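What follows is one structure encoded as structure tokens, with my remarks underneath.
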Amino acid sequence: MVISSSRWRVVKSYKGGFVSVYLVKREVAGETQTGYFKYASPATQEKHLGPLIANELLGYRFGCLLDLPMAQTEIATVRGRLGVVSVQGEGNGLRTWADVAKDVRKEIERRLVEPERLLKTFVFDTWICNIDRSGKNIIVYEKDNGVLDYYLIDHELALLGALRFENKTYDAHHWDNIRRYTRGYHPALLPYATDYQRLQPFVEEIQSLDVSTIRAVLDDCPTQVWTRKDRVLVEKLLVRRQRKLGKIVKRCVEER
């Protein structure tokens, strides 16, 4: 994991739900980088989110493992607070998925680089139990040739974040029904999950991951941001959902 110092300087502060968010900047090799730093109080994490930093870092690392486009994510200390920074990517016309015109989203498979990655993102979110892939945490931008590309941010409500927020155990049947646990979160990609044959290759890719590979990612998450109990629980969640992934995704498609 990348662990940065307090080189980030605060430009603006926001209050976003259960987390506090800062717009931050830093200089790297003569270039200015922009990012979004977030943290939550211990009480908020205990009641609502679980270990925020671990959720974000693990979402990032597993997304990278599967070659999905992820915003660089790193631990940082800003104004004495230990949290996590999502580094803003480079691109023209950065905007959220929600801000992309509806007529563009309707023909997104023609406009987007490697559009199948949206389906892969949906399967990935299902595996890590991400309850909040809304239109605000997919960042879309234009490449030089005018086609669109995207990257993913915000995984605080995945993994232990989902379990804590929904107050469900990792093996509850609740998690077998995607449409149940995303109700109210306005998931951006659910309308695209209509054909299991197109989703199946990504299910199989995740199911082909060896347990030792999953454990290596978990073991790389710094011990200061979660407990041993958290580590054991996430492994149980991921292995269980990896095994059941095809059934969970197929059920979602059939119940649309």
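Under the condition of being in a helix (DSSP H, G or I) and touching a Phe, Trp or Tyr at 6+ places or on another chain (Cβ under 9 Å), which residue from the range 182-197 is nearest to Leu159 (Cα to Cα)?
The selected residue is Leu190.
Working only within the range 38-54, note down all residues that are out of contact with any Leu (no Cβ under 8 Å at 6 or more places or on another chain) and surrounded by 21 or more Cβ atoms within 10 Å (Cβ to Cβ).
Residue satisfying the conditions is Leu52 alone.
Look through the range 226-256, keep the residues that are of a type in the set (Asp, Glu) and surrounded by 13 or more Cβ atoms within 10 Å (Cβ to Cβ), and return whichever of them is nearest to Gly63 (Cα to Cα).
Glu235
In the range 108-147, which residue that is of a type in the set (Gly, Ala, Ser) and surrounded by 16 or more Cβ atoms within 10 Å (Cβ to Cβ) is nearest to Lys236 (Cα to Cα)?
Ser134
Would you mind finding the one in Ala158, Ala98 that is modelled with pLDDT of 95 or more, under 25 Å from Thr34 (Cβ atoms) and within 17 Å of the chain's Cα centre (by Cα)?
Ala158
Kindly establish whether Tyr60 is within 30 Å of Arg231 (Cα to Cα), part of a strand (DSSP E or B) and either under 12 Å from the mean Cα position of the chain (by Cα) or without any contact (Cβ under 8 Å) to a residue 24 or more places away in the chain (or both).
Answer is no for this residue.
Could you go through the range 19-26 and let me know if any residue there is in contact (Cβ under 8 Å) with a residue 12 or more places away in the chain and under 17 Å from the mean Cα position of the chain (by Cα).
Checked the range 19-26: at least one residue is in contact (Cβ under 8 Å) with a residue 12 or more places away in the chain and under 17 Å from the mean Cα position of the chain (by Cα).
Give me a count of the residues in the range 109-160 that are in a strand (DSSP E or B) and polar (S, T, N, Q).
Result for the range 109-160: 1.
Got a number for residues in the range 177-199 being at pLDDT 95 or above and surrounded by fewer than 18 Cβ atoms within 10 Å (Cβ to Cβ)?
Number satisfying all stated conditions: 4.
Does Gly83 meet the test of being at pLDDT 95 or above, surrounded by 15 or more Cβ atoms within 10 Å (Cβ to Cβ), over 14 Å from Ala158 (Cβ atoms) and not aliphatic (A, V, I, L, M)?
yes
Taking the range 55-78, which residues are exposed (fewer than 15 other Cβ atoms within 10 Å of the Cβ) and within 26 Å of Glu27 (Cα to Cα)?
Cys64
Report, ordered by the first and then the second residue, all pairs with beta carbons closer than 7 Å, sequence separation of six or more or different chains, a first member in the range 156-170 that is on the phi < 0 side of the Ramachandran plot, and a second member that is in a helix (DSSP H, G or I) and of a type in the set (Ser, Thr, Tyr).
Every condition considered, the pairs that remain are Glu166/Tyr181.
Scan (1) over 26 Å from Asp230 (Cβ atoms); (2) modelled with pLDDT under 95; (3) not small (Gly, Ala, Ser) for the single condition Met1 breaks and write down its number.
It fails just one condition, (1).
The values are calculated or read from the model by the stated rules, or taken from the named source; none is laboratory data. All values derive from a computational prediction rather than experimental measurement. Every residue, glycine as well, gets a Cβ built from its backbone with ideal geometry; the counts of neighbours run over all protein chains shown.
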